Each structure stands twice: as structure tokens, then as C-alpha cells.
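Peer 1: Quick one: this structure, given as C-alpha cells, is what I'll be asking you about.
The values are calculated or read from the model by the stated rules, or taken from the named source; none is laboratory data. Every value quoted in this text rests on a predicted model; they were computed, and no experiment measured them. Virtual Cβ from ideal backbone geometry, glycine too; neighbours counted across all protein chains shown.
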Amino acid sequence: MKISVFGCGYLGAVHAACLTHLGHEVVGVDVVQEHVDALARGRAPFYEPGLPEILEEALASGRLTFTTDASAAADARVHFICVGTPQTPGDNAADLQYVNSAIDTLLPMLKPGDVIAGKSTVPVGTAALLADRVAAVQPTAEVVWNPEFLREGLAVQDTLHPDRIVYGMRTSDTAAAAVAVLDEVYAAPLADGTPRIVGDLATAEMVKVAANAFLATKISFINAMSELCDVAGADVTLLADAIGLDKRIGRQFLNAGVGFGGGCLPKDIRAFMSRAAELGVAQELRFLQEVDAVNMRRRVRMVELAREACGGSLTGRRVAVLGAAFKPLSDDIRDSPALSISAQMQLQGALVKVTDPHAIDNARKKWPDLDYVATAEEAVVGAEVVLLLTEWEDYVTLDPAALAGLVEAPYIIDGRNCLDPERWRAAGWRYRAIGRS
Ligand code: UGA
């Protein structure tokens, strides 16, 4: 099937390559010439494991192209909207300018029976407005909301083997045809038995934000527990293991530490609260304010621990930070706890050296004043305290004995509760983590 993908960022680039892998003919459209050029040469403009390989394979098939010329989408049957919906500066609401501009671009080229499949995360009610605009121009074209649940770092796997596929649409004469078209797009994962849920537009939009809100709540829950563990002398990791064995709770997303960041969870819970307020039900999502606040306090707490480690003041102290990305297997530094903690320590006078296997270039653009080095070993030389803030496998498996010989003082703060305290203590380190007193 001929498919267009509007927006070739983390979501769209992976989606375009994966749809080609599934046998379709795909054109990826983006407004950033540099990204389009890189993708067309088989270079992903960001780090995503597995993407270079699938991109190369897709380009070699001759069925995948990237362009800034939107008219290349004119003969596509399905148009996926994969543009970003960032937080509006100074406001909690989502900024919908890229979604609106993608629809503006598409409207004049829509043909009867075309399907516009929205993947971007949007406030509930957005798709209905877009559907009205599309219906006024091309009544038999269908707007379907088809949210995306991929995780950065696992994006290729999540796209090819999703947990579920959701379609939301209006009840119309053309709805069944649109379902059939999307079923053809997703024929391979559907044949693998992926559950498919069909509902209305509003539900489909909400499935995405509700899922992210739930995940954020789960993380903040365990992080709140970690504070309790600290004062009560309990161990949050053991607690998470024990409550996670309850199948109704589950162990995933119960890793306590510096909290959630990235381009999705933080802005999605804020946009959700903002939309709830517009709909007159602000009270119902007020708990998300606390979820957000618990999360932001993790960063403050980490800085406090570092200050304590340095004897009460960070001024002039040498601090090593392992990790800059908001999570491992990604070079995404949007709202990264690691960098916000690093910047805060630097503001308080610390000499901070940051390292990351993949995110240094991005980090340097956003926070140019921090000192970046290529390896963990370089970062820790002469350090008076080491903070592990992104749990890259390379850092989790570091040899504490070898590292102890490089630092000024063997003091490690495990911001992700991912190290074995006994192993580090046995190698002469003082080990601290929140919730593992
Ligand atoms: C998240 C959702 O997991 C995806 O399902 C969704 O599609 C995506 O947002 C999106 O909206 O596009 P992602 O932002 O890639 O995916 O990352 P997650 O794996 O959810 O991690 C988010 C943050 O939570 C990271 O900073 C991670 O370190 C943190 N986290 C995660 C914890 O602090 N503790 C945990 O137990 C799990």
C-alpha cells in the first residue's frame, strides 16, 4: 500500500521504516531538510537501536523515500500524522501547531477514501475538530486516531510487535472501509495475534494519555515510597520486588530513582491536566499535579545527596555524572533528570563532568556550560562524588574496584537503584541511594 508519514522524528522515522519493512511503499515528509537528507542517506538523526539496520534495508528495497516536498504524499492511500506535540512554552497545554500544519498541507491533496491516521499524542477532542475540517473538503476521507505506544530505545520492536493496536473513528458509512485499510497496513502484527481495539475518536485519543498518566503515576508512587523507606529504614527495591509480584500490580515501572523525563511522560500529564481543566473536570486529575511534584522533587533530592556527600557545600567540588540521556538506549535529552541535576549542581558551584555513551552531542547543544567527557573513567578521575543518573548497561557493569583507584573519594550515589550496594561497598565505596537506607 502507498503510505505517507508526516513528521520524521523519533516516531515518524521509525514508523516509516517499519511500514516499509512490512511490505508497504512509504514516503516520509518532514519540514527539516537536514533530517530528510540524513534519513534518505540511511542515517537516523538520533540514536535508536535497530533503526539504522531497518532503515538501510527499507531504503535498499526502493520502497522508502524521504522528502520535504509534501506533494509526494498525494498518491498515498493512508497518511500518518506523526508530528510532535510539545508542551507550549509557559503553559501546560500541548502545542498543536505541527498537527494543524500537517492537516493544512494534506487537505488540498486528499482523495475519496483516503485515511488520515493520527499517531501524535493530542488532547482529547482534537481529532474531532480535524475530522470536521477533513469532512468539509473530502467527505469520504476518514480521520482515524491510531495512537502510538512505542518506547524510545525499543521503538523498532514496539512498532513491529505492539502490545495492542487502537483505532478511533466516527460512526460513518466509510468507517468500515477505513478499518479494512488500516488492517491491511497492520496485516503482519494482526496476523501475529496483536489485540486490536476499535472505538470512537475521543477514547482512542485518551487511551494514549491515560496510559502515560498511569505509567507516570506508578513511577511517582514508588518514588514516594522511597522517601518513606528512607525515613523508616526500609528498602524500596525489595519493596518493589515484593509488591510487583502481585500480578495486579506488576514489577514494571516500579524502579525508584531520579524519576521520569523525556519528551512524553512529563508533557503528557501536564497537557492532560490542562485539557481536563478546559473540560471543567480539573479536580479529577489534580492528583497528577502531585505525580509531577513528586517527580520533580527527585531531582532536588539528588542534588541534596550530592551536597551532603561533599560535606554540605558543592562549591568548588568535583562531581562526576554518569549518564545524560533521559533513559538508556536513547540519545534523547528532553527533560532529562540527569542533565537537570547536573546543571543544578553546577549552579551551586560544583565542577561537574558528565559522560554518556550516546547523548553528549545533544546535551552539549542544550547545556553548553557543562563539562563533557567521553568515558566513565575520564569522568570520575579526581571526583569527590560520582552520581549514576542514567542506567546504561556500561555503567551498571562498571568495576567498582578499578574505578576506586581513579577518584579522589570513593562515594557513589546510585540515582537509579541499579547497582549492587554490597559489591560497591566491598570495593571500598560509600554507597547512597534514595529509599535504600
Ligand atoms: C513513554 C511510554 O512508555 C510509551 O508507551 C509511549 O509511547 C511514549 O512515552 C510516548 O508517549 O511516545 P518513553 O518516553 O520512551 O515512553 O520512555 P519510558 O520507558 O516510558 O520511560 C520514561 C521515563 O520514566 C524515563 O525517564 C525512565 O527512566 C523513567 N522510569 C521508567 C523510571 O524512572 N522508573 C521506571 O520504573 C520506569
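Peer 1: Restricting to region 56-85, name every residue that is within 30 Å of Lys327 (Cβ to Cβ) and either in contact with a Ser or Thr (Cβ under 9 Å, 6 or more places away or on another chain) or aromatic (Phe, Trp, Tyr) (or both).
Peer 2: So the first thing to find is which residues in region 56-85 are within 30 Å of Lys327 (Cβ to Cβ), and the list is 56-59, 64, 66, 80-85.
Result: Glu57, Ala58, Leu59, Leu64, Phe66, Phe80, Ile81, Cys82, Val83, Gly84, Thr85.
Peer 1: Any idea which of Gly415, Gly405 is in contact with a Leu (Cβ under 7 Å, 6 or more places away or on another chain) and small (Gly, Ala, Ser)?
Peer 2: Details: Gly405 fails: in contact with a Leu (Cβ under 7 Å, 6 or more places away or on another chain).
Criteria check complete, one pass: Gly415.
Peer 1: Quick one: count up the residues across region 101-126 that are free of Cβ contacts under 8 Å to residues at least 24 places away in the same chain and either within 26 Å of Ala210 (Cβ to Cβ) or crowded, with 24+ Cβ neighbours inside 10 Å (or both).
Peer 2: 0
Peer 1: List, please: which pairs have Cβ atoms under 9 Å, are six or more places apart or on different chains, and start with a residue in region 146-157 that is closer than 18 Å to Asp268 by Cα and end with one that is near the ligand (Cβ under 8 Å from one of its atoms) and of a type in the set (Lys, Arg)?
Peer 2: Sorted first by the residue in region 146-157, then by its partner, the pairs are Pro147/Lys208; Glu148/Lys208; Phe149/Lys208; Arg151/Lys327; Glu152/Lys327.
Peer 1: Looking at region 244-287, which of its residues are farther than 24 Å from Glu148 by Cα and within 13 Å of the ligand (Cβ to nearest atom)?
Peer 2: Gly244, Ala256, Gly257, Val258
Peer 1: Mind checking which residues of region 114-167 are more than 16 Å from the ligand (Cβ to nearest atom), closer than 19 Å to Arg275 by Cβ and not in a helix (DSSP H, G or I)?
Peer 2: First pass over region 114-167, keeping only residues more than 16 Å from the ligand (Cβ to nearest atom): 114-116, 125, 127-144, 167.
If we keep only those that are closer than 19 Å to Arg275 by Cβ as well, we get 125, 127-132, 143.
Those that are more than 16 Å from the ligand (Cβ to nearest atom), closer than 19 Å to Arg275 by Cβ and not in a helix (DSSP H, G or I): Gly125, Val143.
Peer 1: Please list, ordered by first then second residue, the pairs with beta carbon atoms under 6 Å, 6 or more apart or interchain, first in region 3-26 and under 13 Å from Thr159 (Cβ atoms) and of a type in the set (Ser, Thr, Tyr), second more than 16 Å from the ligand (Cβ to nearest atom) and not in a helix (DSSP H, G or I).
Peer 2: As it stands, the answer is Thr20/Val26; Thr20/Arg63; Thr20/Leu64, since those pairs meet every condition given.
Peer 1: Continuing with the same structure: Being within 16 Å of the ligand (Cβ to nearest atom), assigned to a loop (DSSP other than H, G, I, E, B), more than 16 Å from the chain's Cα centre (by Cα) and of a type in the set (D, E, K, R), is that true of even one residue in region 173-184? Explain how you work it out, then say what you get.
Peer 2: The first filter runs over region 173-184 and keeps only residues within 16 Å of the ligand (Cβ to nearest atom), leaving none.
No, region 173-184 contains no residue that is within 16 Å of the ligand (Cβ to nearest atom), assigned to a loop (DSSP other than H, G, I, E, B), more than 16 Å from the chain's Cα centre (by Cα) and of a type in the set (D, E, K, R).
Peer 1: Within region 348-356, identify whether any single residue is hydrophobic (A, V, I, L, M, F, W, C), farther than 26 Å from Glu152 by Cα and buried (at least 22 other Cβ atoms within 10 Å of the Cβ), and answer yes or no.
Peer 2: Here is the first cut: in region 348-356, the residues hydrophobic (A, V, I, L, M, F, W, C) are 350-352, 354.
Subsequent filtering for residues that are farther than 26 Å from Glu152 by Cα retains 350-352.
This time we only want the ones that are buried (at least 22 other Cβ atoms within 10 Å of the Cβ), so: 350, 352.
Checking region 348-356: at least one residue is hydrophobic (A, V, I, L, M, F, W, C), farther than 26 Å from Glu152 by Cα and buried (at least 22 other Cβ atoms within 10 Å of the Cβ).
Peer 1: What helices (runs of 4 or more DSSP H) completely inside region 356-400 contain at least 2 residues that are touching a strand residue (DSSP E or B) at 6+ places or on another chain (Cβ under 7 Å) and in the same structural domain as Gly428 (by TED's automatic domain parsing)? Give the steps one after another, and end with the answer.
Peer 2: Values: elements: 360-366, 376-380, 393-396.
Per the criteria, 360-366, 376-380.
Peer 1: Also: Go through the residues of region 209-224 one by one and say whether even a single one is farther than 24 Å from Arg170 by Cα and more than 15 Å from the ligand (Cβ to nearest atom).
Peer 2: So far as region 209-224 goes, no, none of its residues is farther than 24 Å from Arg170 by Cα and more than 15 Å from the ligand (Cβ to nearest atom).
Peer 1: Answer yes or no: is there a residue in region 39-46 that is aliphatic (A, V, I, L, M) and either part of a strand (DSSP E or B) or surrounded by fewer than 24 Cβ atoms within 10 Å (Cβ to Cβ) (or both).
Peer 2: Let us first name the residues in region 39-46 that are aliphatic (A, V, I, L, M), namely 39-40, 44.
Keeping just the survivors that are either part of a strand (DSSP E or B) or surrounded by fewer than 24 Cβ atoms within 10 Å (Cβ to Cβ) (or both) gives 40, 44.
Yes, some residue in region 39-46 is aliphatic (A, V, I, L, M) and either part of a strand (DSSP E or B) or surrounded by fewer than 24 Cβ atoms within 10 Å (Cβ to Cβ) (or both).
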